[in-house]
Amino acid sequence: MLRFNKAILTVKLFLKTLHNIKVYIKISVLISALFLILAGCSNDDTNYITVKGKVIREANGEGVPNQKLTLRMKKINGTGYWSYTTEIDSKEVITDSNGNFNVAMNSDSNISVSVSKQNDDDYTGIELTNFNPANDIVLKVNKFMKFKIFVNNTSPFDANDYIYISFFSGNNQSVRTKIENFGIANIFYPQDDLPGGGSFEGHDETAWRGVNVNSIVYYNVPENATDTKIFWTKRKNGIETNGFTSDIPYQIDQINEYHFDY
């Protein structure tokens, strides 16, 4: 009987040991799997390239801080007529206090990087593509001059009086930023749907029809503009005329006012 009890005890100890071994194996497998997962997460085989450059003011070469840039890295696939590009990375950066930027991006063979900056209230926009992203990229922008144009019908004739104005800045495009009306509203063209699909968006026109015209139009004009004139078309008593004003005097760092009376 004693030998039988010892045998039972030996079997129980063996089974317990076997169970512990199985538990150990399971734990070891789980730890190994977790290690492989973590190793896989930390092992990044992607190639990177540092894209760097500077945004400068064209007039004096000074760096321009706090400029938001969008960078897109593209891979050029194929050659000749059948070549095409695929975007492999995109980043947004802000220039530092000296106008510099620096960012790591995914890289590959046959790549190009485009850097774009939208117009803001102070500086012009620009887009540049570099087919050698390892080279520094320099983006030249122009400071905007501010113009505030008062439009007044000082010699009204009848309700058919018409005036249209636009800012002429030579080869450098000005940007209309706002219209304020204190008399009749400027002309607005609603969205125009096309028969085959698509549409022309609704838009404001810097034009007025009527006698009570008392408005202000605001423009941003690049500092490298070759002209600072107002082009106008007007109609009174059925007679239509058009022309340009003289160049409007300006100071770069202030709001430049001009009264256009007709």
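The values are calculated or read from the model by the stated rules, or taken from the named source; none is laboratory data. Here the structure is a predicted model, which means the values were calculated and not measured. Note that we place each Cβ from the backbone using ideal geometry, even for glycine, and neighbour counts take in every protein chain shown. For the accessible areas, the whole protein counts, side chains as well, though only heavy atoms, and no ligand, DNA or RNA atoms are used. Shrake-Rupley method; radii C 1.70, N 1.55, O 1.52, S 1.80 Å.
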Filter the stretch 192-210 down to the residues that are among the charged types (D, E, K, R) and open to solvent by 70 Å² or more (accessible area, probe 1.4 Å), then identify the one that is farthest from residue 164 (Cα to Cα). 193
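Here are 55, 29: which of them is modelled with pLDDT of 95 or more and either open to solvent by 40 Å² or more (accessible area, probe 1.4 Å) or not in a helix (DSSP H, G or I) (or both)? Break it down stepwise before answering.
Values: 29 fails: modelled with pLDDT of 95 or more.
Residue meeting the stated conditions: 55.
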List every residue pair whose Cβ atoms lie under 6 Å apart, where the two residues are 6 or more positions apart in sequence or sit on different chains, the first residue falls within the stretch 220-235 and is on the phi < 0 side of the Ramachandran plot, and the second residue, located anywhere, is crowded, with 18+ Cβ neighbours inside 10 Å and of a type in the set (A, V, I, L, M). 221/145; 223/145; 228/248; 230/165; 232/165; 234/163
Among the residues that make up the stretch 144-154, is at least one of them modelled with pLDDT of 95 or more, over 30 Å from residue 233 (Cα atoms) and polar (S, T, N, Q)? no
The lone condition residue 172 fails out of (1) within 30 Å of residue 140 (Cα to Cα); (2) at pLDDT 95 or above is (2)
Can you tell me which residue within the stretch 217-262, out of those that are touching a Gly at 6+ places or on another chain (Cβ under 8 Å) and surrounded by 14 or more Cβ atoms within 10 Å (Cβ to Cβ), is nearest to residue 60 (Cα to Cα)? 225
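Scan the stretch 168-187 and tell me whether some residue there is part of a strand (DSSP E or B), surrounded by 14 or more Cβ atoms within 10 Å (Cβ to Cβ) and of a type in the set (D, E, K, R). Steps first, answer last, please.
Keep residues of the stretch 168-187 that are part of a strand (DSSP E or B), which gives 168, 175-181.
With surrounded by 14 or more Cβ atoms within 10 Å (Cβ to Cβ) added as a condition, the list becomes 168, 175-177, 179, 181.
From the residues that got through so far, the ones that are of a type in the set (D, E, K, R) too are 176.
So far as the stretch 168-187 goes, yes, one or more of its residues are part of a strand (DSSP E or B), surrounded by 14 or more Cβ atoms within 10 Å (Cβ to Cβ) and of a type in the set (D, E, K, R).
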